[in-house]
Every structure is written in C-alpha cells, then in structure tokens.
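Take a look at the structure set out below.
Every read-out reported here was derived from the displayed coordinates using simple, explicitly stated rules and does not represent laboratory data. Remember, predicted model here, so these are calculated numbers, not experimental data. Please note: Cβ atoms are built from the backbone with ideal geometry, for glycine as well, and neighbour counts cover all protein chains shown.
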Amino acid sequence: MRHYRKELWFQTDRRRQLINITPQVQDALDESGIREGLALVNAMHISASVFINDDESGLHQDYENWLEKLAPEKPHSQYRHNVGEDNADAHLKRTIMGREVVVAVTEGQLDVGPWEQIFYGEFDGKRRKRVLVKIIGD
Ligand code: ZN
C-alpha cells in the first residue's frame, strides 16, 4: 500500500467563507500517483470544516443564514467561551458542518457523485489555516 500526505493552506479575506477545494484535492491525488484507495480530507483547526455539497451560490448563502440562526456570531458576550476571544460561534459552526470527508479513489479520480464538491468551510478566518489531505492505496 502506498501513502501520501499534503497540507493545503488558506487565508480568507472574510471571517466566514466557503472555498471549493476539489481541484486542489485532485491535484494532490495526481501527485500521489495512487489509482485505487481512499482520500481523507480534514480541517486541522477547530473553527473550520471540510464537507461535501453543491457548488451553488444560493445554497452557500442558505448555509450562512442557517448557521447564523443556530450559532450567531454576535453578540460575542452570549458565549461562555468568549473570554479573551470571540470565536465561540465558529467552534459551534465547525461542529455542525463537520471535520472531514473521506472520498473513494477509483482509476486515479475522486469517485464522487455528479454534484458533489469538496469545500473548506472557514468560520474564523483572516489568518493562515490548514487542511490535511491523506491518501492511501495502490
Ligand atoms: Zn476559541
């Protein structure tokens, strides 16, 4: 079995932002040379997510609205975590949206459904943060 590891770095302009990272994950898969196996993609921070869904701008706004209803950023004082920091909402959003995805690798391609795209979900951005790509197989 072969294995491959790569870190993808992001720094968003906004506090909250969704980035389609499917091309970078496919690039990592191409670099790995692995044709059959599994690819794990996970956020390495507790205020960011990796998830799979549709790359459609209306849906992305729906995510923003939905997450702000469930865990509104402000007022910062509503959260007990926000003593000396202001990102409690980002921790909660990360929990809802998930830490990682695992995608099958078939014939050197990400074996996903027709509308499935891999996203980095940033909930406390404007600083450099990482996503881990780990691929195993043959
Ligand atoms: Zn925090």
* **Label-point separation in nm, Ile46 to Asn82, each point 7 Å along Cα→Cβ** => 1.8
* Structure fact -> In whole µm²/s, the translational diffusion coefficient that Stokes-Einstein assigns to the chain, given a Kirkwood hydrodynamic radius over C-alpha pairs, 20 °C and 1.002 mPa s, equals 137
* Positive minus negative residues near Gln11 (Lys, Arg vs Asp, Glu; Cβ under 10 Å) -> +2
* To do: Relative to the longest principal axis of the C-alpha atoms of the chain, give the angle of the C-alpha long axis of helix 57-70, reported between 0 and 90° and rounded to the nearest 10°.
  => 50
* Structure fact -> Inter-part gap, Cα centre of the stretch 34-51 to Cα centre of the stretch 60-138, in whole angstrom, is 11
* Asked: What's the FRET efficiency of Thr106 with Asp54 using the Cβ-Cβ distance as r and R₀ = 22 Å, to the nearest 0.05?
  -> 0.55
* With the dipole of the stretch 2-137 worked out from charges on the C-beta (+1 for Lys and Arg, -1 for Asp and Glu) around the Cα centre, which of Ala39, Asn53, Val112 lies farthest toward the positive end? -> Ala39
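Structure shown: which of Lys74/Lys129; Lys6/Lys126; Lys93/Lys129; Lys93/Lys126 lie over 20 Å apart, alpha-carbon to alpha-carbon?
Values: Lys74/Lys129 23 Å; Lys6/Lys126 22 Å; Lys93/Lys129 16 Å; Lys93/Lys126 17 Å.
Checking Cα-Cα distances, Lys74/Lys129; Lys6/Lys126 exceed 20 Å.
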